[in-house]
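These notes are about the structure you will find just below.
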Amino acid sequence: MTTTVIKNGTIITADLTYKADVLIEGGKIIGIGPDLAGDEVLEAEGCYVMPGGIDPHTHLEFPFMGTFSADDFDYGTRAALAGGTTMVVDFAVPAPGQSLLDAYKAWHNKSARARCDYSFHMAVTWWGEQVFEEMKEVVGLGITTFKHFMAYKGSLMVNDDELFASFKRCAELGAIPLVHAENGDIVAEMSAKLLAEGNTGPEAHAYSRPSQVEGEATNRAIMIADMAGVPLYVVHTSCEEAHEAIRRAKMNGKRVWGEPLIQHLTLDESEYANPDWDHAAGRVMSPPFRNKKHQDSLWAGLASGTLSCVATDHCAFTVEQKRYGVGDFTKIPNGTGGLEDRMPVLWEKGVNTGRITMNEFVAVTSTNIAKILNCYPKKGAVLVGSDADLVVWDPKASKVISAKTQQSAIEYNVFEGIEVHGLPRYTLSRGLLAYADGKVLAPEGHGEFVARAPNGTVNRALSTWKELTAPRPVARAGIPASGV
Ligand code: DUC
Ligand code: ZN
Ligand code: ZN
Ligand code: ZN
């Protein structure tokens, strides 16, 4: 079998920085050390060799708000590879009432076009005996994370009783629940009021979802997960109130993770004040962009470890699709792109500014999520035996981000004009040179599904273990413990 060697680079992992060559065969790393030789040589002098990025949160070809997100698994994974990301985790989302297994089949079919590896989370958008039963089969398919929308009232949203039922089912299955944490009842009421008052523009989207709706829902989900005895992963943590709830939970010994998006870390609410409707609508996503106070909180969370992973929620819509919401902001499809830019922008605004170290960069873009999702060290590691999903990162390469040169199918880029210093020179997907010299080389269909086993973690102190699983009625004189 042909071997490839990455020569003269500096390896950066979540905890180490050292000079070594990396030898690859059959899609795996088979050697790490000085002076290795291989059939093919990739020169990495002056570069960093890191685990390829893992984006834990994408929506490719997602049927949402009356349309489909414009980047499918082909465009989306091209963007991923061009930005140093070698695995995406997409959401299979059944319509309310739809079988989870049917949703799985639909996503399985779409993902056949993927150019890099991928995995799925399954959404629980309704509740019943069928969902309860199918969750077990979904876990058997290698999908061990279940997403719950606490917003999107009237479509994807689930209520507290459904959340509690599903969280308890996750606990039984050793699975991890995820939440989109925004109070959907309050968002719906605020949206209706804004519209009735004539506030129809994209800026009203942000007014309808203040940080309190996210803080409240985050805290509620944390408490429900605590009662269910299950860990919790909070997607797109965008504000101090939500971060505070996560910090407090961690401080109290709860197994809870928060995931800021690169958009919320670097772009702020002033984007919605742009007089160009298309510009503002292009930034409409949920949660919306926030102010600097919230951004500082998110950066502090990455540095201190109270927030764990940086994602994109990549859900790109064209200008035409966004215009469905002219005259009614609630009809603007929610979502922005980011897959290609997540790693370069985080490097520029995080590593190059000194906010996070290179090792922390690897942790929050790859290793932490691989551990949470139980696919470490197959993914997220530079170790002998790991998949050769690697990025050779050139800290001296630079570019100005522009929609003109992006892989995504849409006409604009929310990071347009940002100059980044630090870019992938090569991206390798299971040993294949998947991106080089500005070109995506991995063919459509190269990507493989990454099945994940339940990690079986719990969220429960030993002292409360028995009490929570087996409550005992108190017997009182004259009254049987089972009631009267
Ligand atoms: N938020 C978005 O902005 N898009 C997709 C779904 C979501 O929750
Ligand atoms: Zn969401
Ligand atoms: Zn999402
Ligand atoms: Zn420059």
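The values are calculated or read from the model by the stated rules, or taken from the named source; none is laboratory data. Fair warning: this is a prediction, and the values are worked out from it, not measured in the lab. When we count neighbours, we look across all protein chains shown, and the Cβ atoms used for this are built from the backbone with ideal geometry, even at glycine.
Numbers for the structure displayed
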quantity: Test for V230: is it over 17 Å from the mean Cα position of the chain (by Cα) and within 16 Å of ligand 1 (Cβ to nearest atom); calculated: no
quantity: Which listed residue, of V213, V256, is of a type in the set (V, I, T) and more than 14 Å from ligand 1 (Cβ to nearest atom); calculated: V256
quantity: Among (1) of a type in the set (S, T, Y); (2) more than 16 Å from ligand 2 (Cβ to nearest atom); (3) closer than 22 Å to D276 by Cβ, the one test that S308 misses; calculated: (3)
quantity: Residues of the stretch 405-414 that turn out to be away from ligand 1 (no atom under 16 Å from the Cβ) and either among the aromatic types (F, W, Y) or without any contact (Cβ under 8 Å) to a residue 60 or more places away in the chain (or both), as a count; calculated: 1
quantity: N159 at pLDDT 95 or above and either within 16 Å of ligand 2 (Cβ to nearest atom) or closer than 19 Å to A95 by Cβ (or both); calculated: yes
quantity: Residue in the stretch 379-418 that is nearest to ligand 4 (Cβ to nearest atom), counting only those that are of a type in the set (D, E) and in a strand (DSSP E or B); calculated: D394
quantity: Which numbered condition M343 fails, given (1) over 30 Å from E416 (Cα atoms); (2) in contact with a Pro (Cβ under 8 Å, 6 or more places away or on another chain); (3) among the hydrophobic types (A, V, I, L, M, F, W, C); calculated: (1)
quantity: Residue in the stretch 128-144 that is in contact with a His (Cβ under 8 Å, 6 or more places away or on another chain) and within 16 Å of ligand 2 (Cβ to nearest atom) present; calculated: no
quantity: Candidates N368, N352, filtered to the one that is farther than 25 Å from Q407 by Cα and either surrounded by 24 or more Cβ atoms within 10 Å (Cβ to Cβ) or of a type in the set (S, T, N, Q) (or both); calculated: N368
quantity: Criterion: of a type in the set (V, I, T) and within 23 Å of G380 (Cβ to Cβ) - qualifying residue of V284, V319, V345; calculated: V345
quantity: Total residues in the stretch 184-215, condition part of a helix (DSSP H, G or I) and without any contact (Cβ under 8 Å) to a residue 12 or more places away in the chain; calculated: 4
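Per-residue answers, yes or no, for (1) touching a strand residue (DSSP E or B) at 6+ places or on another chain (Cβ under 6 Å); (2) under 22 Å from G305 (Cα atoms):
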{"residue": "S211", "(1), (2)": "no, yes"}
{"residue": "A217", "(1), (2)": "no, yes"}
{"residue": "I224", "(1), (2)": "no, no"}
{"residue": "V235", "(1), (2)": "yes, yes"}
{"residue": "E240", "(1), (2)": "no, yes"}
{"residue": "L261", "(1), (2)": "yes, yes"}
{"residue": "P275", "(1), (2)": "no, no"}
